[in-house]
Amino acid sequence: MPAQSPALQRLADHWSIEVPPELIPVLGLMAGDVEILTIEDLLEDAYRTPEVPHRYIPFALYPDLFPTFDEWTIGIYQPQIPRHGSFEIVACAEGRLIPFASTMGSALYRVILEQRTNLEEAEDVDGLEELAHFATEVGISVPPKSPRNERERRENILGIDTSNLFSLTVNAVVAGRVESIQEIANNCSWYFDAHAIAADLHQQKGEFDRAAAAYLAAMKCGLVVSADPEIYGIVAPDGMTMYEWLHDRAEEYWPQVKSGATDDVDLLRVLSSDDPFGSRPRLKLAEKLLTAGDIAGAEREFSNALALSMDEDEERDANTSCAKYYRDQNLTAFAQRAEWAADQ
């Protein structure tokens, strides 16, 4: 087995993960408007902010990726229960994550494809030449013609990345295919939005028992990997999150939720309260689950408390609690990130 490059080894030691080797050759480069961070940035944990989930490591800046926020980063996410391998590539804004690609190679393909479309629309000849050079340097080729619309863009991405969660989910939403979205949800325990959309499609069909099961599965995912409804073309009030949208929709089948939550009484009590998405109630729930021996559930709720923080005090308390939990579980890298965040 060939030796790892020094840069790869330094990042692996710093992050305590297996670093995808495709990242190393592109460090410090630009792909259109996407800036891939330098190794110095990565070793200094640049662009990590206190609200960012501790299982997420940013490696690139991607402005205007989605219209809901101006500033996005792309990075490595380590779910508690990964689909394959040990990580996913996700986008992050304001501490909230959304799937971007399933591998580093397919992430670079998507960046090149999307940036070429943007540069063509801007008639930026120099930018297109620089992007073509970048694509050659990393050994990635894209179709000769850019996608004409969002549907073609998703299909191009799925041609390379057949398990791209976001593209698969949007396609299922557009087609109203409840079986497709349910399959995505079943295979990805950490993707809140897939479970939420499955619940909604079951509800539309009058399948309230299945809608309730999907609702509970969503809430047991955690709220970290969750976007805004409009990203999926879902009509909802401005500023409403996916979990707020799902919770409001669940009023129609709440009796089925209550009857299906016999093993999740403590979680149901929070969800039935006047503050179902408050940070401090989630910290209390995390401690209760930890005492009961539900380690995975406790981490989910510690992470939820951070995601739901509304001010610096709540953010600090959530990070401090997360740090103690990670230390107790011997998850040193996550603990260090939480400790850093709590000190900011």
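The values are calculated or read from the model by the stated rules, or taken from the named source; none is laboratory data. A quick note: this is a predicted structure, and the numbers were derived from the prediction, not measured. As a convention, Cβ positions derive from the backbone with ideal geometry for all residues, glycine included, and neighbour counts pool all protein chains shown.
In the set (1) in contact (Cβ under 8 Å) with a residue 40 or more places away in the chain; (2) of a type outside the set (Val, Ile, Thr); (3) closer than 16 Å to Pro53 by Cβ, Ala298 fails one condition alone, (1). One residue stands out among those in segment 84-94 that are crowded, with 21+ Cβ neighbours inside 10 Å and among the hydrophobic types (A, V, I, L, M, F, W, C): the one that is modelled with the lowest pLDDT, which is Phe87.
Name the single residue that is farthest from Asp228 (Cα to Cα) among those in segment 59-88 being outside any loop (DSSP other than H, G, I, E, B) and of a type in the set (Val, Ile, Thr).
Applying the first criterion (outside any loop (DSSP other than H, G, I, E, B)) to segment 59-88 yields 59-61, 73-77, 88.
Filter once more, keeping what is of a type in the set (Val, Ile, Thr): 73-74, 76.
On the way: Thr73: 16, Ile74: 17, Ile76: 21 Å.
Looking at the filtered set, the residue picked out is Ile76.
On the basis of being in contact with a His (Cβ under 9 Å, 6 or more places away or on another chain) and modelled with pLDDT under 95, does Leu306 make the cut? In short, no.
Before we move on, is Cys322 at negative phi and either modelled with pLDDT of 95 or more or polar (S, T, N, Q) (or both)? Explain how you work it out, then say what you get.
Values: at negative phi: yes; either modelled with pLDDT of 95 or more or polar (S, T, N, Q) (or both): yes.
Yes; evaluated as a whole, the condition is true for this residue.
Test Phe100 against the stated conditions and say whether it is crowded, with 17+ Cβ neighbours inside 10 Å, under 16 Å from Ala31 (Cβ atoms), over 21 Å from the mean Cα position of the chain (by Cα) and not charged (D, E, K, R). No, not satisfied.
So is Val173 modelled with pLDDT of 95 or more and either over 26 Å from Ala214 (Cβ atoms) or touching a Phe, Trp or Tyr at 6+ places or on another chain (Cβ under 6 Å) (or both) or not? Break it down stepwise before answering.
Numbers: modelled with pLDDT of 95 or more: no; either over 26 Å from Ala214 (Cβ atoms) or touching a Phe, Trp or Tyr at 6+ places or on another chain (Cβ under 6 Å) (or both): yes.
Against the criterion (modelled with pLDDT of 95 or more and either over 26 Å from Ala214 (Cβ atoms) or touching a Phe, Trp or Tyr at 6+ places or on another chain (Cβ under 6 Å) (or both)), Val173 does not qualify.
Of everything in segment 317-344 that is free of Cβ contacts under 8 Å to residues at least 60 places away in the same chain and in a loop (DSSP other than H, G, I, E, B), the residue that is farthest from Glu287 (Cα to Cα) is Asp343. Is it fair to say Glu137 is out of contact with any strand residue (DSSP E or B) (no Cβ under 9 Å at 6 or more places or on another chain), surrounded by 13 or more Cβ atoms within 10 Å (Cβ to Cβ) and under 30 Å from Leu29 (Cβ atoms)? It is false that Glu137 is out of contact with any strand residue (DSSP E or B) (no Cβ under 9 Å at 6 or more places or on another chain), surrounded by 13 or more Cβ atoms within 10 Å (Cβ to Cβ) and under 30 Å from Leu29 (Cβ atoms).
Is it true that Thr291 is touching a strand residue (DSSP E or B) at 6+ places or on another chain (Cβ under 9 Å), of a type outside the set (Lys, Arg) and surrounded by fewer than 22 Cβ atoms within 10 Å (Cβ to Cβ)? So that I can check it myself, show each step before the final result.
On the way: touching a strand residue (DSSP E or B) at 6+ places or on another chain (Cβ under 9 Å): no; of a type outside the set (Lys, Arg): yes; surrounded by fewer than 22 Cβ atoms within 10 Å (Cβ to Cβ): yes.
Criteria not met by Thr291.
Out of segment 1-58, which residues are in contact with a Gly (Cβ under 7 Å, 6 or more places away or on another chain), free of Cβ contacts under 8 Å to residues at least 40 places away in the same chain and assigned to a strand (DSSP E or B)?
To start, the set of residues in segment 1-58 that are in contact with a Gly (Cβ under 7 Å, 6 or more places away or on another chain) comprises 22, 32, 36, 38, 51-53, 56-58.
Filter once more, keeping what is free of Cβ contacts under 8 Å to residues at least 40 places away in the same chain: 36, 38, 58.
Result: Ile36, Pro58.
Pairing each residue of segment 257-275 that is within 18 Å of Tyr243 (Cα to Cα) with any residue that is part of a loop (DSSP other than H, G, I, E, B) and among the charged types (D, E, K, R), provided the two are 6+ apart or on different chains, yields C-beta distances under 8 Å for Asp264/Lys220; Leu267/Lys220.
I'd like to check something: does segment 106-121 contain any residue that is at positive phi and either among the hydroxyl-bearing types (Ser, Thr, Tyr) or surrounded by fewer than 20 Cβ atoms within 10 Å (Cβ to Cβ) (or both)? Break it down stepwise before answering.
Looking only at segment 106-121, we keep the residues that are at positive phi, and these are none.
No: segment 106-121 contains no residue that is at positive phi and either among the hydroxyl-bearing types (Ser, Thr, Tyr) or surrounded by fewer than 20 Cβ atoms within 10 Å (Cβ to Cβ) (or both).
Among the residues of segment 185-209, which ones are crowded, with 22+ Cβ neighbours inside 10 Å, over 14 Å from Tyr243 (Cα atoms) and under 18 Å from the mean Cα position of the chain (by Cα)? Ala185, Cys188, listed by residue number. Considering only residues in segment 185-203 that are among the polar types (S, T, N, Q) and touching a residue at least 12 places away in the same chain (Cβ under 8 Å), the one that is nearest to Leu223 (Cα to Cα) turns out to be Ser189. Might you check whether a residue that is among the aromatic types (Phe, Trp, Tyr), part of a helix (DSSP H, G or I) and at pLDDT 90 or above occurs anywhere in segment 95-115? Among the residues of segment 95-115, at least one is among the aromatic types (Phe, Trp, Tyr), part of a helix (DSSP H, G or I) and at pLDDT 90 or above, which makes the answer yes.
For the condition touching a Cys at 6+ places or on another chain (Cβ under 7 Å) and not in a loop (DSSP other than H, G, I, E, B), what is the one hit in Leu216, Leu285, Leu306, Leu267?
Details: Leu216 fails: touching a Cys at 6+ places or on another chain (Cβ under 7 Å); Leu285 fails: touching a Cys at 6+ places or on another chain (Cβ under 7 Å); Leu267 fails: touching a Cys at 6+ places or on another chain (Cβ under 7 Å).
Answer to the check: Leu306.
Considering the conditions (1) modelled with pLDDT of 95 or more; (2) in a loop (DSSP other than H, G, I, E, B), Glu244 is excluded by exactly one of them, (2).
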